[in-house]
Amino acid sequence: MEIAENINALFGRTTEQISNAPRSLDILPIGAQARVTGVTGSGAIARRLLEMGVVPGAPVRVIKAAPLGDPIEVRVRGYHLALRRTEAKTISVTSD
Amino acid sequence: MSSVLESPSLDSQNADAKHAPARPLVIALAGNPNAGKTTLFNSLTGLRQKVANYPGVTVERKEGSWTIASDLRSARLIDLPGLYSLDAASMDERIARDVLTGNIPNLPAPDAIVAVVDATNLERNLYLVTQLLEYGRPLVIALTMVDLALKRGLEIDANELAESLCVPVIPVTAQQRVGLDDLSKAVLRVIGRKAEGARWRLSDCTECELMALMSGGGDSIDRQTALRTLYADELPQDDGLREAIESARERLAHINVNWWQEPLIARYDWIEQISSRAVKKHAAPRLSTTERIDRILTHKFFGPLILIAVMLLVFQTIFSWANLPMDLVDKGFGRLGEAVGSLLAPGLFRDLLVDGIIAGVGGVLVFLPQILLLFFFIAILEDTGYMARAAFLMDRLMRGVGLHGKAFMPLLSSFACAIPGIMATRTIENPKDRLATIMIAPFMSCSARLPVYTLMIAAFFSGRKFFGFLSVGALMIMAMYLLGIMVAIGVAWVLKRTILKAPTPPLVLELPPYRVPNFLTISQMMISRAWLFLKRAGTVIMAISIILWALATFPRPPQANVVNNDAAVAQATKAGEESETDAGVKTAPGLAGQSGEQLSQSYAGRAGHLIEPVIRPLGFDWKMGVALISSFAARETLVSTLSVIYNVGKDRDSSSDSLVNAVREAKREDGSPAWTPLVALSMMVFFVLAMQCMSTVAVVRRETNSWRWPLFMIAYMTVLAYIASFITYQGGRLLGFN
Ligand SMILES: Nc1nc2c(ncn2[C@@H]2O[C@H](COP(=O)(O)OP(=O)(O)OP(=O)(O)O)[C@@H](O)[C@H]2O)c(=O)[nH]1
Ligand SMILES: [Mg+2]
C-alpha cells in the first residue's frame, strides 16, 4: 500500500500532465481517485456496469488488486466492486 | 380496511381481486442482492414459510403468509433472489423478473411489490426502483439498513424520497420489528393503484423518436411500450413496427454510437437529483470497518494464507466437534435395535425392522451432526460476506482454467451439496460457463460423502495425529476434498478447450460489507437442511434399506426353511464367512456356514458376484459390490448397505463403533481381511469422483433441459472414478501395500 503511494508520488507530475486525457480504469494506480467518462463495449458486461452505477460522471477509486494482480477492487457510489482488468479497460476515466 | 376501499382503483382487475376472497393477495419482495429481503421476509411471515416450487420453472422460491392486517386476511409473500435490474442477464435474475412481471404459470402478477432498498447503497438500489416504477405495478419502498447508513454519516429523508418517487417509503428495521405496521398499511393503501412512473427524460432527439413510435403505425402504443421496444434486445414481430424501430435505432446510432446507454444514464441522472435532495451527508470515518478488515483478509500475502487456514479450520472442526453427538446418535440406534430386538418375537418381521430399517437408517443418521456443522460453516461464510472475498482471491486461478470467479461460490456451496451448488450457477450469465461449472460441481466433496470418508477413516486411519493437534483423519479428509478440486480443475480446463469453448468470462462482482452473521437465518437454514436430510433418510434410504434387506434375504434356501427357519434368516445377512466365528457360538456351525452361503446366493449376492470381476482390480469384493451398486442411488447408502450386509443391528455386545468394527473384521472367502487401509483408500477415491447421486442427475437434467448433459456426466465421472481407483489400488500394491 505505502509503496504504491510512494510510486504515485514519484510519478505525480506525469500523472498531472496527462490527467485531462481520458484513460482506462485498469491503468490507474492503487489509491487513485477518478471520474468515469464512459463505458465502451456493447455486451452484457457494459450494460451490467452501467446498471451498477458506473456511468459517466460517477467518481471511482481504485482500492486494491488481488494477490495475483487481477482482479482489482474499486469503490463506486459507496460500495465495493471487483472487476477483472479486461473489464476495467472498457471503463474510461479522467483524474480530477 | 377503510383506506383500502377509499383508494382509487385504476387497475380494475386488481380491484376485483381485492374483493374476491378466493384469491389471497400476492406480494413480492424485490431488491438488490443483500438488501435485506430475506430478513424482512422472516419478520413479516414469522418464519411461517414453505418452499414453493413453481411448476414449469426450475425455481424454489420461498413463500410465506403475511398477516397483512389483523382483521383482513393474510397475503402470500414471496421472497426473490436479489437482482440489480429488470433487464436480467443471468438466470436467477430472469426468474425474479418473471415473478415480478407475472410471467410465471400458476402465480398471478403480484398485487403489490415491496422494493427493499438498502439505505447505505441508495443510488444503486434506486436503479431497480426506477425500473419497477416504469413497470407500473403498485409499489412500496422498504428502506433497510438505516442504522448502518447513520453510522456512515448518511441521513436519509424518507418523506423527501417518497415525494420525489411518488410512492410510500417506509424505513424498517426488520430484526427489531420497527416499521412493519407502517409497511402493511402502506401496502394496503397502494393496492389497486398504479405507480406513477419515473420522471426521467431522454435527450430531445430520442424523445422525438419515441413520440414518432407512439403515434406511428396503426395501433398507437404508450411511451413505456415504445421505450421498451426501442431498447429491447429482440426486435418486434410486427413488420411495420420492426422497420420503424430499426430505422430509429440507425438514426440514434448516427448521433451517438453508444445510443443504447442513454436510458441507463438518464435513470442515474434522475437518481442523482433525488438522492442529492434526500440524503444529508455528515462527516464519516475515513476508513469503514469493512475496509479495515479487508486490509488483512484480502491482503496480498495474508489473504490467501487466511483462506487456507479457514478451510483447514472448517474441516478440523467438522471432524472433531461432531464426534460426541455422533456417538450419541450411534448409541441411541444401537439401543433401539436391542430394544426392538428383545421385544419382538424372532422372525422375518423382526429381522426386517432390526437388520434392515434400524441398522440401515441409523447408519446414515449418525452423520447428521457433521452435515449440520458443514452447513453451519458455509452459511457463516456466506452471511459474513467472506465468500465474495474468497471469489476475489481465487478469481485469477479460476480464470486460469477458463472459469468464472462467480463459479467459486456455487462450487463452494457444492461442498455442502451439489444440488444448491448447481442451482447457484444461475448467477453466471454465459450458458457455456454455467454448463462447465455444473459439470464439475459434483466433484466437490458433498456432505453425502462425509459418511463414507468418516467410516473409512474411523476404521483404518483414526487415532494418529500430526504436530500433536492435526488429526490424520482431518488431513485425509482434506486430501479427498483436494483431489476432487484438482480433478475438477483438470476437467474444466479440458471442457473449456473442447466442447464448451468460449472466451474467458468477465467478472463484475460486488464485495458486500462484512456483517455479523444473523444466527436466526443460519439456524433456519440448518433446520431446513436437517429436515431435508431426515426426509431423505426416512424415504429413499429407508426404501433402499428395505429393498436391500429383501434382496440379501431372498431367495431363501429350501433347506433353511425346513431345518431352522429363524436362525437361518437371522444369519442370512451376516457377513459371509465372518459369521462362522461368532455365529458358531449361537448356532450349529454347519448352519452358519450355510447362511454365509445364503447371502452369496441371494439376489443381492448374485448381483455382487456379477460385477465382482470388474471391481476386483479396485480391491473390492462382491459384498462391497452390493454396497457400491446401491450407492449409485445416493452416496450415503454405502454406509446403510454395509450396515445391512454386515448386520450391525445384531451385534449386541459390540461397542458403539459397531459398523466400524464390522468393517475391520469382515473377511473374504479365503479368510483374509476384506478391507485394508489400501482398499479403504481406493473406495474413498472412487467416491470422490464417481457420479452417484440420482438427485443431482435429476437437477442437472432440469437445469440443462436435456438428458445429454446428465448422461455425459454420469459416464465420464464414473470412468474417471474407476481409473483413479484402479491406479490407487494397483499402484499401492506395487509399492508394497496390500
Ligand atoms: N444493520 C442491519 N442489518 C440488516 C438489516 N436488514 C438486514 N440486515 C442484514 O443484512 C444481511 C443480508 O440480509 P438478507 O436478508 O439475507 O438479504 P437478501 O436481500 O435476502 O440477500 P439475497 O437473498 O442474497 O439477495 C443479513 O446479515 C442481515 O442480518 C438492517 O436493517 N440493519
Ligand atoms: Mg435472500
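Every read-out reported here was derived from the displayed coordinates using simple, explicitly stated rules and does not represent laboratory data. In this text the structure is predicted, and so the values were computed from the model without any measurement. Methodologically, a virtual Cβ is constructed for each residue, glycine included, from the backbone with ideal geometry; neighbour enumeration extends over all protein chains shown.
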Tensor-based shape of the range B:378-521 (alpha-carbon gyration tensor, a/c under 1.5 rounded, otherwise prolate or oblate): oblate
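For a protection proxy built on the mean count of beta-carbon atoms within 10 angstrom, sort B:471-483, B:343-355, B:678-690 highest first, please.
On the way: B:471-483: 19.1, B:343-355: 16.3, B:678-690: 24.2.
The most tightly packed comes first, giving B:678-690, B:471-483, B:343-355.
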Amide H partners (placed H, <5 Å) of B:Val178, local residues excluded: B:Thr173
B:Trp493/B:Ile611 FRET efficiency (R0 41 Å; Cβ-Cβ; nearest 0.05): 0.80
At R0 = 60 Å, FRET efficiency that the Cβ-Cβ distance of B:Ala345 and B:Arg242 yields, to 0.05: 0.15
Flagged links, alpha-carbon separation over 27 Å, of A:Lys64/A:Lys89; B:Lys432/B:Lys535; B:Lys62/B:Lys185; B:Lys406/B:Lys496; B:Lys194/B:Lys406: B:Lys432/B:Lys535; B:Lys194/B:Lys406
Cα shape, the range B:229-277, gyration tensor, a/c 1.5 rule: prolate
Neighbour-limited loop hits for trypsin sites (Lys or Arg not before Pro), the range B:196-285 (at most 16 other Cβ within 10 Å; DSSP other than H, G, I, E, B): B:Arg199, B:Arg201
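Over the whole of B:261-271, what's the average partner chain Cβ count within 10 Å per residue? Rounded to a whole number, please.
Details: counts 9, 0, 1, 8, 6, 1, 3, 9, 3, 0, 3.
Partner-chain Cβ atoms within 10 Å, mean over residues of B:261-271: 4.
Relative to 2.2 N^0.38 Å, what does the C-alpha radius of gyration of the range A:22-95 come to as a ratio? Two decimals please.
Details: Rg = 10.8 Å, N = 74, 2.2 N^0.38 = 11.3 Å.
This ratio for the range A:22-95 stands at 0.96.
Expressed as a fraction of 2.2 N^0.38 Å, the rule-of-thumb size for a compact globular protein of N residues, what is the C-alpha radius of gyration of the range B:307-386? Intermediate results must be reported in sequence, preceding the final value.
Details: Rg = 17.8 Å, N = 80, 2.2 N^0.38 = 11.6 Å.
Compared with the compact-globule rule of thumb, the range B:307-386 sits at 1.53.
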Simple label model, 7 Å out from Cα along Cβ direction - B:Thr289 to B:Ser528, nm: 2.7 nm
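Taking the highest mean first, how do the peptides B:382-395, B:406-419 order by number of other beta carbon atoms within 10 angstrom per residue?
On the way: B:382-395: 21.6, B:406-419: 25.0.
In descending order of packing, they fall as B:406-419, B:382-395.
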Potential lengthening between B:Phe554 and B:Cys166 on full extension [0.36 nm per residue; Cα-Cα distance subtracted]: 132.3 nm
Inter-label distance for B:Leu711 and B:Leu235, nm, one decimal - labels placed 7 Å from Cα along Cα-to-Cβ: 3.8 nm
Span from the the range B:225-265 Cα centroid across to the the range B:100-159 one, whole angstrom: 28 Å
In Hz, Karplus ³J(HN,Hα) per residue of the range B:484-496 (6.51, -1.76, 1.60; θ = phi - 60°; x = Gly, Pro): x, 5, 4, 4, 4, 4, x, 5, 4, 4, 5, 4, 5
Fully extended contour minus Cα-Cα distance, from B:Leu336 to B:Thr521, at 0.36 nm per residue: 63.2 nm
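Given 0.36 nm per residue, what is the gain on full extension from B:Met694 to B:Asp327 after removing their alpha carbon distance, in nm? Write out the running numbers ahead of the final one.
Values: separation 367, 0.36 × 367 = 132.12 nm, distance 2.91 nm.
Result for the pair: 129.2 nm of gain on full extension.
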Alpha carbon centroid spacing (whole Å) that separates the range B:276-297 from the range B:668-712: 49 Å
Three-way shape call for the range B:213-305 based on the alpha-carbon gyration tensor, with the a/c threshold at 1.5: prolate
Two-site FRET efficiency, B:Lys535 against B:Glu196, from Cβ-Cβ distance with R₀ of 45 Å, rounded to 0.05: 0.45
Spin-label pair B:Phe301/B:Ser672, simplified geometry with 7 Å Cα→Cβ offset, distance in nm: 5.3 nm
